[in-house]
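Worksheet for the structure shown next.
The values are calculated or read from the model by the stated rules, or taken from the named source; none is laboratory data. A quick note: this is a predicted structure, and the numbers were derived from the prediction, not measured. Every residue, glycine among them, receives a Cβ derived from its backbone with ideal geometry; neighbour counts consider all protein chains shown. Please note that ligands, DNA and RNA were not included when accessible areas were found on the heavy atoms of the full protein model with its side chains. Shrake-Rupley method; radii C 1.70, N 1.55, O 1.52, S 1.80 Å.
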Amino acid sequence: MFGGFRLLLAILVALSHVNIRIAGLNPGVIAVVCFYLISGYVMTGLIRKHYDSVGTVKFFYLDRAIRLFPQYLVIVAITLCWFYVSGTKNNFLQHVPSLGDLLNNLVVVPLNYFMFNQSDQFTLIPPAWSLGAEIQFYILIPWLLMFRLRVASFVIAGAVYLAAAWGVLNTDTFGYRLLPGILVYFLLGSFLFDVMQQKRQPDSLQTNGSLKIIACVVLAVIAIAIVLSRTQHLHLLYNKETLIGMAFGVSCVVLLGKFRQTKMDNFLGDLSYGVFLNHFLIQWVLVGVPTELSTLALYVICSLILSALTQLIFEKPVLHLRQKFRHST
């Protein structure tokens, strides 16, 4: 039952991109870490149920493409048209795009490497760098599960994350942006799925088990935070947010994972992806960077409305293809 939670996370990302901070922390970073945890949890369940053999992996990839690209390509197209018509330039749309720029935005994955290829100089959907990271996780996760490589991958990713948190590697790049470090978030969610889906137990035992999982992760995060604080590394960019994201995300995934999906929850979850994609477009075309509560409310409401429209018109008509793949495997 993650739909409402995912919508909350998407709104937090949108708010972070209009300079909203909570106790000096960037809520968008915390939200992205939670998104990665949920993705690891949900993708593991999807593969376990429908795509658990080598022959079905191609259908998993098609399933994910049908989920990601209809709304994405629509927002890309609208933003590109607006850019050419208005002639407006900003930090993410600095020049007339080259063919390479357009390919980066269509393929998505290169956007994740903006710190090396300068793709952020022309990015039609600025948060899509994280979508590029997620696509790379989709490519890897079926093989990590089928060939039992999760533990080794988690250890390696954990080492990369800790090296980034310590400042040995660039903290922002390897602790928050690129897959070698952030794979730890995805796989944490993946492990949680298998733990949570063990044989049903009496409610009291199930509750105790959930609390133990949360306690273990929270204590591990606190221990890392204490070490980083005493060695003057906790202040490095996004260390606080990623640690909070892990503790908060695991707690929410464990607690919400025990509830069944509802139609309302599915509806809210459907809205979340569009909000994640379209909020910069809403800023650029309609409201700018909101500075007043009324404008901020308008910003969120317009994003929700556009999300509902793109989901209904462009994504919903192809959802049956995903179901077809799942029933045929």
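Which pairs, out of 49/316; 212/263; 258/324; 258/316; 263/316, put more than 24 Å between their alpha-carbon atoms? If you can, show how the numbers build up before the last one.
Values: 49/316 22 Å; 212/263 30 Å; 258/324 27 Å; 258/316 27 Å; 263/316 14 Å.
Distance filter (> 24 Å) returns 212/263; 258/324; 258/316.
Once you keep just the Cα pairs under 8 angstrom separated by 6 or more residues, what percentage relative contact order results for region 240-329?
Values: 36 pairs, mean separation 25.7, N = 90.
About 29 percent, as a whole number.
Convert each backbone phi in region 175-185 into a coupling constant with the Karplus relation 6.51 cos²θ - 1.76 cosθ + 1.60 (shift: θ = phi - 60°), then list the ³J(HN,Hα) values in order as whole Hz, x for Gly and Pro.
x, 9, 9, 9, 4, x, x, 6, 4, 4, 5
Taking Cα centroids, how far is region 121-189 from region 1-72 in Å?
The two parts, judged by their Cα centres, are 13 Å apart.
With each label point set 7 Å from Cα along the Cα-Cβ vector, what nm distance links residue 61 and residue 151?
Spacing of the two 7 Å Cα→Cβ label points: 2.9 nm.
Count charges around residue 251 for me, please; just the other residues with Cβ under 15 Å from its Cβ, Lys/Arg as +1, Asp/Glu as -1.
Around residue 251, the surrounding residues sum to +2.
Given an 8 Å cut-off on Cα distances and at least 6 residues of separation, report the relative contact order of region 1-101 as a percent. Could the numbers behind the result be given before it?
Details: 33 pairs, mean separation 14.8, N = 101.
Over region 1-101, the number comes to 15 percent.
Computing the accessible area with a 1.4 Å probe over protein heavy atoms, can you report the carbon and sulfur percentage for region 179-329? If you can, show how the numbers build up before the last one.
Values: 5530 of 8260 Å².
Solvent-exposed carbon and sulfur of region 179-329 make up 67 percent of the total.
Can you work out the accessible area per residue across region 237-279, with the rest of the protein chains kept in place, probe 1.4 Å, in square angstrom?
Working: 1900 Å² over 43 residues.
Normalised by residue count, the accessible surface of region 237-279 is 44 Å².
With charges set only on the Cβ (+1 for Lys and Arg, -1 for Asp and Glu), what does the dipole of the chain come to about its Cα centre, in debye to the nearest 20? Intermediate values should be presented prior to the final figure.
Details: 23 positive and 13 negative charges, 192 e Å.
Once rounded to the nearest 20, the dipole reads 920 debye.
Across region 141-154, in residue order, what do the Karplus-derived ³J(HN,Hα) couplings come to in whole Hz, using 6.51 cos²θ - 1.76 cosθ + 1.60 with θ = phi - 60° and x for Gly and Pro?
4, x, 6, 5, 6, 5, 9, 6, 10, 5, 4, 4, 5, 5
Looking at region 240-329, which chymotrypsin sites (Phe, Trp or Tyr not before Pro) are in a loop (DSSP not H, G, I, E or B) and have at most 16 other Cβ atoms within 10 Å? Kindly include the intermediate steps, with their values, before the conclusion.
Numbers: sites: 248, 259, 267, 273, 276, 280, 284, 299, 314, 325; in loops: 259.
Passing both the DSSP loop test and the Cβ count: 259.
Just name one of 259, 290, 249: the one whose Cα is farthest towards the positive end of the charge dipole of region 237-312 (beta-carbon charges, Lys/Arg +1, Asp/Glu -1).
Of the candidates, 259 comes out farthest on the positive side.
Given a 1.4 Å probe and the protein chains all in place, what does the accessible area of residue 11 round to, in Å² to the nearest 10?
40 Å²
Gaussian network model of the chain, Cα springs within a sub-10 Å range: biggest mean-square fluctuation belongs to which of 235, 279, 50?
Maximum among the listed residues: 235.
222 nm [θ] for the chain, helices only, -39500 (n - 2.57) per DSSP H run of 4+, per residue, to 500?
Details: 13 runs with 229 residues, N = 329.
Calculated mean residue ellipticity at 222 nm is -23500 deg cm²/dmol.
Which Cα, out of 108, 46, 15, lies furthest along the positive dipole direction of the chain (beta carbon charges, K/R +1, D/E -1)?
Ranked along the dipole, the leading option is 46.
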